[in-house]
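The values are calculated or read from the model by the stated rules, or taken from the named source; none is laboratory data. Since we're looking at a predicted model, the values are computed, not measured. A quick note on method: Cβ atoms are made from the backbone with ideal geometry, for glycine too, and the neighbour counts reach across all protein chains shown.
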Amino acid sequence: MSLNLNEVVRLLAAGKIPSPRLEARILLENAGGSPYAEVSGAAEEKLRRQIERRLAHTPLDKLLGCREFYKNSFVVSEDVLTPRPDTEILVEAAIELVQQNNFAKILDLGTGSGCILLSILDDCPATQGTAVDASEPALDIARRNASLLGLSERISFVHGSWFEDGFLQKTGSGFDMIVSNPPYIPTADIASLEPEVREHDPLSALDGGADGFVHYKKIAAWAPLLLNDGGYILLEAGIGQARQILKVFADTGLTPVDILPDLSGTERCVILKK
Ligand code: GLN
């Protein structure tokens, strides 16, 4: 027995995987070099194991170990949040601001795979980045991505948490921009997320505390100390959170600049200025 496109589509569709044809093409391309390859032998064994894991709701990127985001492919693992297209709106807005203002130093709070900061640095060759994460395994993935994109020289990595008193000593200050996609799902909502997210993205990258705003509140406390005057903060927002985030920042002295929708019209990126 061997596996071909129709058979893989059939297996995925029988397991109620959305977009079975697209995913079958990607899996076959990965296994045999072409979506039309007939896969047999050791490659077929490997592909059958991947299909089994996909049917058990492992997301495709975590099966393959990589994911496209903005203009590049990023290494991913279960130690990092899967990069999502919703986040690309924040990256585009950040790049525009960095280029308009010739910003030199950017801080990424909760970098995960590094996809936000590395996408910005890749498009802004004169800019330096600092990537912070509380997870050492996540930082390892971000370091690999920096190296694969040839950006290691322009980025420094900090292992730390905004819940620590000494956070500012670890990160330094004088940043022109902060970018962040912090954990923002209210704890009680996590159980109802899709298994692909709930079981394969790290809980520490999802859990926003009881109200979903625990991390935004900490970031709001540090942001005025981290930013230069005239500097910006760009935050990803969960569904329905954008205007609440502006309220969290009300006493920081930062001024609201914009709220940008993602491609499905959700208010997704909050921008403030010091
Ligand atoms: N966007 C992710 C989701 O909806 C959550 C990411 C986050 O908490 N920052 O599953």
When restricted to Asp165, Asp211, the only residue in a loop (DSSP other than H, G, I, E, B), away from the ligand (no atom under 15 Å from the Cβ) and of a type in the set (Asp, Glu) is Asp165
Filter result (hydroxyl-bearing (Ser, Thr, Tyr) and within 16 Å of the ligand (Cβ to nearest atom)) within the range 168-185: Ser180, Tyr184
Just give me the residues in the range 80-102 being within 15 Å of the ligand (Cβ to nearest atom) and either surrounded by fewer than 20 Cβ atoms within 10 Å (Cβ to Cβ) or part of a helix (DSSP H, G or I) (or both), in sequence order. Arg84, Pro85, Asp86, Thr87, Glu88, Ile89, Leu90, Val91
Taking Gly230, is it outside any helix (DSSP H, G or I), of a type in the set (Gly, Ala, Ser) and more than 16 Å from the ligand (Cβ to nearest atom)? yes
Would a scan of the range 62-69 turn up a residue that is crowded, with 18+ Cβ neighbours inside 10 Å and in a loop (DSSP other than H, G, I, E, B)? no
Scanning for something over 27 Å from Leu63 (Cα atoms), in contact with a Phe, Trp or Tyr (Cβ under 7 Å, 6 or more places away or on another chain), modelled with pLDDT of 95 or more and surrounded by fewer than 21 Cβ atoms within 10 Å (Cβ to Cβ), does the range 230-237 turn up at least one residue? no
List the number of the failed condition for Ser77; all other conditions in (1) touching a helix residue (DSSP H, G or I) at 6+ places or on another chain (Cβ under 9 Å); (2) surrounded by fewer than 19 Cβ atoms within 10 Å (Cβ to Cβ); (3) assigned to a helix (DSSP H, G or I) hold. (3)
Under 14 Å from the mean Cα position of the chain (by Cα) and in contact (Cβ under 8 Å) with a residue 12 or more places away in the chain, is that true of Leu203? yes
Does Leu263 meet the test of being among the aliphatic types (A, V, I, L, M) and within 21 Å of the chain's Cα centre (by Cα)? yes
Could you tell me whether any residue of the range 141-149 is over 17 Å from Trp222 (Cβ atoms) and part of a loop (DSSP other than H, G, I, E, B)? yes
Any chance Leu109 is aliphatic (A, V, I, L, M) and buried (at least 20 other Cβ atoms within 10 Å of the Cβ): yes
Do we find that Ile51 is part of a helix (DSSP H, G or I) and buried (at least 17 other Cβ atoms within 10 Å of the Cβ) in this structure? yes
If Leu203 meets every condition in (1) more than 13 Å from the ligand (Cβ to nearest atom); (2) in contact with a helix residue (DSSP H, G or I) (Cβ under 8 Å, 6 or more places away or on another chain); (3) farther than 16 Å from Leu235 by Cβ apart from one, which number is that one? (1)
